Amino acid sequence: MRVYVPLTLPGLAQAHGAGELGPGPLTAYAVTPGLREWYVSDDIEELEYAALNRAAAASLRMLAADPEAARRRIVVAVDVPDAATTVDPDRSLDPASVGEVRINGAVPLVKAAAVHADADDAEAAVSAAADALGAADMGDDDAQFTVDGAEDHELLWYGVQEIPGLLG
C-alpha cells in the first residue's frame, strides 16, 4: 500500500539521520474506502493525488504547531504492507480524517518511493496559511481563503537520494 506521511523539514532531517520514519505509530494518508467515497472516483492516480493532498494539509498543521520550522510542506510517499496499517472506523467518519491511516511501527526510509515538498516560491503562501489555520478552523472565511492559497502551490517530486539537497 502506498501511504503518504506528512512531515516538516526538521522531521525529514530527523528521519534522514535515523534512517527511518518513526518511531510508530505514525499518522499517514492513503487510498482508503472512506477516501474513495469522499472523492468519488475510480481513477487510482486521482485518488493517490487526493491522499497526497490530505497529507500536505496535515503537514501544514504540523507547521502551524512549530513556528520554528521552515515554511515548506513535506510529504514522504512510502510503500508498506497492508497489514502494517490500520484505519480507525470512527475517525474515518470525520471529514477532517478522510484517508487517514495509522502505521503501527517505524518505516525504514529505504521503503520511501519519493519525497514531495513545496518549492521555495511557495514559502510566503505556506507561511501565511500556517498562521491563518487557527482562525480558519474557527470559521473565518478570509483565513480559510489564505489557507486555501497554499493549495495553489503543487508539491514537487524529489527522489529519496535528493533528501540531503532538500535539507541543505
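Quick notes
- Nonlocal amide H pairs with ALA114, under 5 Å, H built at 1.01 Å: ALA77
- Relative contact order %, the chain, counting alpha carbon pairs below 8 Å whose residues are six or more apart: 28
- About the Cα centre, charge dipole magnitude for the chain (Lys/Arg +1, Asp/Glu -1 at Cβ), debye: 740
- The phi torsions of segment 106-119, fed into the Karplus equation with coefficients 6.51, -1.76 and 1.60 and a -60° offset, translate into couplings of 5, 10, x, 4, 5, 7, 6, 8, 6, 10, 10, 8, 5, 6 Hz, rounded to whole numbers, with Gly and Pro shown as x.
- Cα shape, the chain, gyration tensor, a/c 1.5 rule: oblate
- Residues in segment 68-76 carry Karplus couplings, in order, of 7, 6, 4, 7, 9, 6, 10, 9, 9 Hz; the curve used is 6.51 cos²θ - 1.76 cosθ + 1.60 with θ = phi - 60°, and Gly or Pro positions show x.
- Database remark: amide H of ARG73 closer than 5 angstrom to the amide H of ASP118 (H placed geometrically; neighbours at sequence offset of 5 or more, or on other chains; Pro and chain starts carry no H).
- GNM top mover of ALA129, ALA83, ALA51 - the chain, alpha-carbon springs below 10 Å: ALA83
Every number in this text was worked out from the coordinates using simple rules, so none of it is lab data. The model shown is predicted, which means the values in this text are computed figures rather than measured ones. Cβ coordinates were reconstructed from backbone atoms using ideal geometry, including for glycine residues, and neighbour counts include every protein chain displayed.
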